[in-house]
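Read through the structure below, which is laid out as structure tokens, and then see the notes.
The values are calculated or read from the model by the stated rules, or taken from the named source; none is laboratory data. Treat the numbers as computed from the prediction; the structure is a model and nothing was measured. Here the Cβ is made from the backbone with ideal geometry for all residues, glycine too, and neighbour counts use every protein chain on show.
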Amino acid sequence: MTRDPAVVGIVVGDDAPILEVAVAPRVFGIDHSRRGGPRFDVRTAGERPGPLATTAGIALQAPHALEDLDEAGVVIVPGWRVPGGAETDPRVLEVVRRAHAEGATVVGLCLGAFVLAEAGLLDGRRATTHWLVLDEFAGRFPEVEVVHDALFVDEGTVVTSAGSAAGLDACLHLLRREHGPEVANATARALVVAPQRAGGQAQFVEQPVPPLDSADPVTTAMRHALEHLDDPALDVARLAGVACLSRRSFDRRFRETAGCSPLQWLLHQRVLRAQHILATTTLPMDAVARSCGFADGVALRPHFRRVVGVPPQAYRATFRTA
């Protein structure tokens with residue numbers, strides 16, 4: 001069957017988050033024909049007939065059946081119920097498999113990536129989903145190359161996005177890719193959003209420090225580090241001394257406990273401290289850096305950008321609450 005790139009099919013599942021469900025119809029429902037751009041035929045189908053529940057307690061009635069998506073050149077699964085809920089209807093899996101086999105671009109927004117993975121479309125490909133379920137996603141689908149820090153991942157005929165608002169980023173990217181920046185920018189203006197956000201989803205991940213109440217020498221060293229992050233002299237050799245272990249033994253024990261090297265962990269904790277200070281104070285950047293053990297803002301910047309995905313100034317502009 002010939003697929004029409006102007007037909008956008010959207011599969012809505014039972015118990016899906018209403019925000020994610022609304023993203024694709026809103027983005028592709030904008031008419032650009034007056035400017036010589038595309039006008040899409042948006043067809044929203046439910047995974048089953050009848051009203052569909054949402055996490056907001058609002059029932060939705062999809063106007064199309066799944067077979068109405070057989071002409072769609074783009075098929076989108078915009079969010080889905082939480083993993084561990086009801087199994088995905090085999091008819092939905094067949095719809096996305098058939099669409100992909102016939103040349104359509106298939107998109108999984110947020111938890112919609114689980115549906116694409118169940119259908120086998122992500123095996124051997126890079127993909128992402130909401131940061132809260134990335135580990136579960138990786139465990140369930142070991143053949144997928146999971147990308148942890150991305151708002152969306154474009155693998156050509158398959159696109160996946162991180163959670164909630166990242167679906168907007170993915171849909172705008174698809175518009176930009178297929179129809180040019182003018183169409184994507186016009187859509188962004190209509191929605192009053194940025195046409196292209198910088199950074200990945202790492203900047204939004206909540207990473208609380210785990211409780212360290214054990215008498216284990218590694219956790220003792222971790223506690224010491226967290227209490228002295230502002231000390232520029234704090235390094236791995238000093239932490240090994242606090243743990244009363246040789247440097248080699250400390251490195252090995254630390255990796256067993258934390259899953260990374262002591263230096264990686266220490267830099268990460270300093271960046272986490274910087275995130276908190278940036279979001280809650282108006283301290284100058286050099287003062288922020290010194291509070292985390294860096295010499296100045298210049299020394300902080302590359303480590304912050306590597307871990308968080310955006311520069312410290314951009315992070316503060318987005319998240320500062322005080």
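For GLY293, the criteria (1) out of contact with any Leu (no Cβ under 7 Å at 6 or more places or on another chain); (2) at pLDDT 90 or above; (3) on the phi > 0 side of the Ramachandran plot hold in every case but one, which is (1). Could you tell me which numbered condition PRO90 fails, if it satisfies all but one of (1) touching a residue at least 40 places away in the same chain (Cβ under 8 Å); (2) more than 19 Å from the chain's Cα centre (by Cα)? Only one criterion in (1) touching a residue at least 40 places away in the same chain (Cβ under 8 Å); (2) more than 19 Å from the chain's Cα centre (by Cα) is unmet by PRO90, namely (1). In contact with a strand residue (DSSP E or B) (Cβ under 9 Å, 6 or more places away or on another chain) and either in a loop (DSSP other than H, G, I, E, B) or within 20 Å of GLY156 (Cβ to Cβ) (or both): does that describe VAL82? Taking the combined requirement at face value, the residue does not satisfy it.
Does VAL96 meet the test of being touching a helix residue (DSSP H, G or I) at 6+ places or on another chain (Cβ under 9 Å), surrounded by 15 or more Cβ atoms within 10 Å (Cβ to Cβ), modelled with pLDDT of 95 or more and farther than 30 Å from TRP131 by Cβ? Full working, then the answer.
Working: touching a helix residue (DSSP H, G or I) at 6+ places or on another chain (Cβ under 9 Å): yes; surrounded by 15 or more Cβ atoms within 10 Å (Cβ to Cβ): yes; modelled with pLDDT of 95 or more: yes; farther than 30 Å from TRP131 by Cβ: no.
Here the answer is no, as VAL96 does not meet what is asked.
Taking the condition under 18 Å from ARG290 (Cα atoms), touching a Lys or Arg at 6+ places or on another chain (Cβ under 8 Å) and not basic (Lys, Arg), does ASP230 pass? Full working, then the answer.
Working: under 18 Å from ARG290 (Cα atoms): yes; touching a Lys or Arg at 6+ places or on another chain (Cβ under 8 Å): yes; not basic (Lys, Arg): yes.
Yes; evaluated as a whole, the condition is true for this residue.
You will find that of ALA72, ALA59, ALA101, ALA65, the residue that is of a type in the set (A, V, I, L, M), free of Cβ contacts under 8 Å to residues at least 24 places away in the same chain and under 25 Å from GLU155 (Cα atoms) is ALA101 and no other. Only residues that are over 30 Å from LEU132 (Cα atoms) and either part of a loop (DSSP other than H, G, I, E, B) or not assigned by TED's automatic domain parsing to the domain that holds LEU111 (or both) were counted across region 57-79, and they come to 4. Only a single item in (1) touching a residue at least 60 places away in the same chain (Cβ under 8 Å); (2) small (Gly, Ala, Ser); (3) out of contact with any Leu (no Cβ under 6 Å at 6 or more places or on another chain) is not met by GLY79, and it is number (3).
Please find, within region 296-307, the residue that is modelled with the lowest pLDDT out of those that are of a type outside the set (Lys, Arg) and under 29 Å from the mean Cα position of the chain (by Cα). Walk me through it before giving the result.
Narrowing region 296-307 to residues of a type outside the set (Lys, Arg): 296-300, 302-304, 307.
Checking the rest, the ones that are also under 29 Å from the mean Cα position of the chain (by Cα) come to 297-300, 302-304, 307.
Details: GLY297: 94, VAL298: 95, ALA299: 95, LEU300: 95, PRO302: 93, HIS303: 91, PHE304: 90, VAL307: 81.
Per the stated criteria, the residue is VAL307.
Among the residues here, ARG48 does not qualify as surrounded by fewer than 19 Cβ atoms within 10 Å (Cβ to Cβ), part of a loop (DSSP other than H, G, I, E, B) and in contact with a Ser or Thr (Cβ under 6 Å, 6 or more places away or on another chain).
If you go through region 179-195 and keep only what is free of Cβ contacts under 8 Å to residues at least 24 places away in the same chain and of a type in the set (D, E, K, R), you end up with just ARG189. The set of residues from region 16-45 being closer than 20 Å to ALA166 by Cβ, assigned to a loop (DSSP other than H, G, I, E, B) and touching a residue at least 40 places away in the same chain (Cβ under 8 Å) comprises PRO17, ILE30.
When THR88 is tested against (1) under 14 Å from ASP14 (Cβ atoms); (2) modelled with pLDDT of 95 or more; (3) not in a helix (DSSP H, G or I), only condition (2) is not met.
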